[in-house]
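See below for the structure under consideration.
The values are calculated or read from the model by the stated rules, or taken from the named source; none is laboratory data. Quick caveat, the model's predicted, so the values are computed rather than measured. Positions of Cβ are generated from backbone atoms using ideal geometry, with glycine treated the same way; all protein chains shown enter the neighbour counts. What goes into the accessible areas is simple: the full protein's heavy atoms, side chains included, and nothing from ligands, DNA or RNA. Shrake-Rupley method; radii C 1.70, N 1.55, O 1.52, S 1.80 Å.
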Amino acid sequence: MSLSLGQIVGALGGTLELAGSDTEIFRIAPLDSAGPGDLSFLSNPRYQQQLAASKAACVIVAPAMREAAMQRGACIVADNPYVYFARATQLWKQHEQAHQVRCGVHPSAVVDPLAEVDPTAYVGPLCVVERGARIGAGTVLKSRVTVGENCSVGARCILHSGVVLGADGFGFAPERGTWVKIEQLGAVRVGDDVEIGANTCIDRGALDDTVIENGVKLDNLVQIGHNVHLGAHVAMAGCAGVAGSARIGAHCTVGGGAVVLGHLELAENVHVSAATVVMRSLNKPGVYTGVFPVDENNKWEKNAATLKQLHSLRERIKALEQQQQQDSKNGTQ
Amino acid sequence: MSLSLGQIVGALGGTLELAGSDTEIFRIAPLDSAGPGDLSFLSNPRYQQQLAASKAACVIVAPAMREAAMQRGACIVADNPYVYFARATQLWKQHEQAHQVRCGVHPSAVVDPLAEVDPTAYVGPLCVVERGARIGAGTVLKSRVTVGENCSVGARCILHSGVVLGADGFGFAPERGTWVKIEQLGAVRVGDDVEIGANTCIDRGALDDTVIENGVKLDNLVQIGHNVHLGAHVAMAGCAGVAGSARIGAHCTVGGGAVVLGHLELAENVHVSAATVVMRSLNKPGVYTGVFPVDENNKWEKNAATLKQLHSLRERIKALEQQQQQDSKNGTQ
Amino acid sequence: MSLSLGQIVGALGGTLELAGSDTEIFRIAPLDSAGPGDLSFLSNPRYQQQLAASKAACVIVAPAMREAAMQRGACIVADNPYVYFARATQLWKQHEQAHQVRCGVHPSAVVDPLAEVDPTAYVGPLCVVERGARIGAGTVLKSRVTVGENCSVGARCILHSGVVLGADGFGFAPERGTWVKIEQLGAVRVGDDVEIGANTCIDRGALDDTVIENGVKLDNLVQIGHNVHLGAHVAMAGCAGVAGSARIGAHCTVGGGAVVLGHLELAENVHVSAATVVMRSLNKPGVYTGVFPVDENNKWEKNAATLKQLHSLRERIKALEQQQQQDSKNGTQ
């Protein structure tokens, strides 16, 4: 497949410099591995060295980099080169898949007669859409996705393979050493433009619904407990987990493998680092971290063992300080 | 859908106060969001304030709260309100789904002719039940569940979508830098009344079986390695993992994202906090935790950097103490 | 099922001592639970006590243990008893499944006409193999596996149930508080002799491919981000995760629940302990760990609280040291 620079600029805007609009592009590639038929991009001025050395046919750059880029050769000048690059990948994919049908229900999918699937949505092979579920316009369920009873998915969403929407939340009442099931009577409501990664699970609510607002992006193998509320445009990386009834504000990001405990609240624009465990509500925007630093195993062993005495070490420091104060008093007497 | 208070008390017991048995209930809801057609519950005396303010048609309360509840309005008095609430959700679900068939094998499921499925069990859409597998009475496999060769599931279990029972345990013998597969000749045996969350995996044993005792509850995306033994009524929250050959005693709970390493033993009634890594056997009942506390990223960076010198800090404290002792001796001479 | 010791030694080599080659073996079992019809093995001299006490019909031992083993009874002497045991499990499985067909495409699988499946490969029930995907000779896709568009799997691989190969990598460009999707134009390339555990996900690359080299073994619920490169014979235990563009050298091992952050490099023969978070490249072979040690909850609480003051504790130790030096100088004056 190929696209001409003219097609690209025609579709996405930007100013083409030092190249004819009929120049053919055969691939999109990073600066360092791009070859003579490739389109590349410079989103971070730190990589300016790579720009100069790149063999790309054309490089997408910001206005500030225009001169530097033109010294090397052809470029497209665009306000936000990274977003331009993102849209270029979309254009590429569109052309690549022009001949593929992407709406309707695959014959191997099991869709309940009482489910509503928008005619412009696509339900892929071996998906299950249960009674009362609703799938919005332009939404794509890749393959082997389950959308449970009464759960709804908005418009233009992508649910990757193996996603489970609407399994029962984890709710049991303890009774004499056994667990009595609390039936989960709520559902899951997913907004528009949401993407959900492979094998990710979002549980239905116990009484009310679990809610995923517009524009949320979840990576693979993420776990969202019952009655969680994810604000608009939240992004969560792989293997992250949010326990029941937590509320995460709009525009938050949660790193891979991070855990947010139940019933907590995260303000808008809170950023949780990878593998961090959030054990208290975070009411102020900012970056939060809590990870044991990796070390050579024998060094870690010593530090970890000492960590168990940390509180008593503090007491010993206090004692030393008091004694020193005492001594210095005595010394001055 | 609606149920009358008479139907509820008739089915579940308890004493109805200040309301006619023909009062209709349209929803079960938390105290703070319940409206005039709703049934709610007070399980924790701490929420007594919410009780007084609740607009619920009727509230389930313990005998000790009877007077307080009646000052507000209608109530059901029951010994354990939380368990009563759980059973009310079950009653609700039962009525809601009265018209749905929940036994037999969905035509899209692939069940080996040499598997045994109890006639009262339900095998949902796109499930796979392999040769020699056995599914007990009243057990439900939601959708897209795999029960592997020779694995058995007891009575009244629920396996949510995407569960994989009986994939090979992770066993390899190292030979000159490569891995020689150890075929996993055991199976998985699951007891009665077990619930297994979406996309959770339980591996078959290497030589003997992996065993899940009666009443165990596992949340989503949990990993149970080969030859693990989970005692009766163990509960494990989402994304928890148990490595090969670990034994977890009855009535233990494991928090979300926690990890139990291989070959360890946990006594009965051990409770592991979320995201904690259990690296040694825990022989005494109790609550165990090991999580790096979350902090603002710049504060964390300082503390994490210092943590790598913790052992040497202890040495410096020792040295300070010795010197101080020496000084004080010298001082008294 | 049974195999004679003669069949076993005939297939796998080794020297049979103190038993006729027609002795029948009915099971392979660990030393401590093996009975009179069972074959067992001693791979670690530490378990020599168990050897003496074992009731096994025959025990696989190393040449150095030959005399000790013969004092107990029958044995097979082999250079590497653990590898011999592994191959014995393979022989066992082979015989057990001699009558089962294990090639071709199950009628319930959905294989695109433009996918290439080697005639000796097996595509199990309810798998999805998309357009342009390639499945190599002798490879087995258990059940409910998805191999995405243009992804390739080499020869003799095993993909367990629920595996998703080739879902979109997690890539978005931020634009005014929303996320613009970066289409993932690369694929996944899996080498030969790779085993991938249940519900594990390997994402397709953004521009180039995600690469899994020969002989890699991944356990269940593992997450491999886009453009990751796993060197030959890497092994990763359950719930581990590798973020985008990380490169892990040949022969590395990653423990269960461990996380490797994006764009890092691990040299060959790096061993990451379970639940460790790798936040920097590791250029030297060795064992690396970073886990908060588990403790009784009340002790943990004290130490965790103190940990937040660790940096300031170091400052206080410094101050104490300086004062002490000052004092001792003053003392000697």
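How about the stretch C:283-311: which of its residues are open to solvent by less than 10 Å² (accessible area, probe 1.4 Å), more than 8 Å from chain A (Cβ to nearest Cβ) and touching a strand residue (DSSP E or B) at 6+ places or on another chain (Cβ under 6 Å)? Of everything in the stretch C:283-311, just one residue is open to solvent by less than 10 Å² (accessible area, probe 1.4 Å), more than 8 Å from chain A (Cβ to nearest Cβ) and touching a strand residue (DSSP E or B) at 6+ places or on another chain (Cβ under 6 Å), namely C:VAL294. Taken together, C:ASN227, C:ASN220 contain a single residue that is part of a loop (DSSP other than H, G, I, E, B), open to solvent by less than 10 Å² (accessible area, probe 1.4 Å) and of a type outside the set (A, V, I, L, M, F, W, C), which is C:ASN220. When the residues of the stretch A:127-138 are filtered to those that are in contact with a strand residue (DSSP E or B) (Cβ under 6 Å, 6 or more places away or on another chain) and within 14 Å of chain C (Cβ to nearest Cβ), the one that is surrounded by the most Cβ atoms within 10 Å (Cβ to Cβ) is A:CYS127.
B:SER273: out of contact with any Leu (no Cβ under 9 Å at 6 or more places or on another chain), among the polar types (S, T, N, Q) and open to solvent by 10 Å² or more (accessible area, probe 1.4 Å), yes or no? Taking the combined requirement at face value, the residue satisfies it. Taken over the stretch B:234-248, the criterion of being away from chain A (no Cβ under 12 Å) and surrounded by fewer than 24 Cβ atoms within 10 Å (Cβ to Cβ) is satisfied by B:GLY244, B:SER245, B:ALA246, B:ARG247. In the set B:GLY177, B:GLY231, only one residue is away from chain A (no Cβ under 14 Å), farther than 21 Å from C:VAL222 by Cα and out of contact with any helix residue (DSSP H, G or I) (no Cβ under 7 Å at 6 or more places or on another chain); that residue is B:GLY177. Answer yes if at least one residue in the stretch A:100-122 is open to solvent by less than 10 Å² (accessible area, probe 1.4 Å), within 24 Å of C:GLY166 (Cβ to Cβ) and in a strand (DSSP E or B), and no otherwise. No, the stretch A:100-122 contains no residue that is open to solvent by less than 10 Å² (accessible area, probe 1.4 Å), within 24 Å of C:GLY166 (Cβ to Cβ) and in a strand (DSSP E or B).
In this structure, is C:GLU149 without any contact (Cβ under 8 Å) to a residue 60 or more places away in the chain and within 8 Å of another protein chain (Cβ to nearest Cβ)? Considered against the rule, which asks whether it is without any contact (Cβ under 8 Å) to a residue 60 or more places away in the chain and within 8 Å of another protein chain (Cβ to nearest Cβ), C:GLU149 comes out as no.
For the stretch B:213-228, filtering for residues that are among the aliphatic types (A, V, I, L, M) and more than 13 Å from chain A (Cβ to nearest Cβ) leaves 2. Restricting A:ARG189, A:ARG204 to residues that are assigned by TED's automatic domain parsing to the domain that holds A:HIS263, among the charged types (D, E, K, R), touching a His at 6+ places or on another chain (Cβ under 8 Å) and in contact (Cβ under 8 Å) with a residue 24 or more places away in the chain narrows the list to A:ARG204.
Those strands (runs of 3 or more DSSP E) of the stretch A:144-198 in which 3 or more residues are open to solvent by 10 Å² or more (accessible area, probe 1.4 Å) and modelled with pLDDT of 95 or more occupy A:172-175, A:178-181. Within the stretch C:94-114, being at pLDDT below 95 and either among the charged types (D, E, K, R) or touching a Ser or Thr at 6+ places or on another chain (Cβ under 6 Å) (or both) holds for C:GLU96, C:ARG102, C:CYS103. Taking the conditions (1) over 20 Å from A:ILE182 (Cα atoms); (2) within 28 Å of the chain's Cα centre (by Cα); (3) among the β-branched types (Val, Ile, Thr) in turn, B:VAL59 satisfies each one other than (1). Of all the criteria given as (1) modelled with pLDDT of 95 or more; (2) in the same structural domain as A:ILE28 (by TED's automatic domain parsing); (3) under 27 Å from the mean Cα position of the chain (by Cα), the one not satisfied by A:VAL117 is (2).
Whenever a residue of the stretch C:227-248 is more than 25 Å from B:GLU175 (Cα to Cα) and assigned by TED's automatic domain parsing to the domain that holds C:CYS157, its partners that are open to solvent by 30 Å² or more (accessible area, probe 1.4 Å) and of a type in the set (D, E, K, R), lying with C-beta atoms within less than 8 angstrom and at least six residues away or across chains, give the pairs C:ASN227/C:ASP208; C:ASN227/C:ASP209; C:VAL228/C:ARG247; C:ALA246/C:GLU265. The set of residues from the stretch B:171-202 being under 30 Å from A:ILE224 (Cα atoms), in contact with a strand residue (DSSP E or B) (Cβ under 7 Å, 6 or more places away or on another chain) and of a type outside the set (A, V, I, L, M) comprises B:ARG189, B:GLY191, B:GLU195, B:GLY197, B:ASN199, B:THR200, B:CYS201.
Here B:GLY256, B:GLY169 are screened, and the one residue that is under 30 Å from C:CYS252 (Cα atoms) and touching a Cys at 6+ places or on another chain (Cβ under 7 Å) is B:GLY256. The set of residues from the stretch B:259-275 being more than 12 Å from A:VAL291 (Cα to Cα), within 7 Å of another protein chain (Cβ to nearest Cβ) and without any contact (Cβ under 8 Å) to a residue 24 or more places away in the chain comprises B:VAL259, B:LEU261, B:SER273. Counted as qualifying within the stretch A:1-93 are the helices (runs of 4 or more DSSP H) with 3 or more residues that are closer than 24 Å to C:GLU175 by Cα, namely A:5-12. For the stretch A:81-99: of the residues being open to solvent by 60 Å² or more (accessible area, probe 1.4 Å) and over 15 Å from A:LEU51 (Cβ atoms), which is farthest from the other protein chains (Cβ to nearest Cβ)? In this case the residue turns out to be A:ALA98.
The number of residues in the stretch C:312-333 that are open to solvent by 50 Å² or more (accessible area, probe 1.4 Å) and under 44 Å from the mean Cα position of the chain (by Cα) comes to 2. Residues that are more than 14 Å from chain B (Cβ to nearest Cβ) and of a type in the set (A, V, I, L, M, F, W, C) within the stretch C:180-209 comprise C:VAL180, C:ILE182, C:LEU185, C:ALA187, C:VAL188, C:VAL190, C:ILE202, C:ALA206, C:LEU207, listed in sequence order. Among the conditions (1) surrounded by fewer than 17 Cβ atoms within 10 Å (Cβ to Cβ); (2) farther than 19 Å from B:LEU207 by Cα, C:MET65 misses just one, which is (1). Among residues of the stretch C:131-142 that are assigned to a loop (DSSP other than H, G, I, E, B), those with a Cβ under 6 angstrom from a residue that is open to solvent by 20 Å² or more (accessible area, probe 1.4 Å) and of a type in the set (Lys, Arg), sequence gap 6+ or separate chain, pair up as C:GLY138/C:ARG156.
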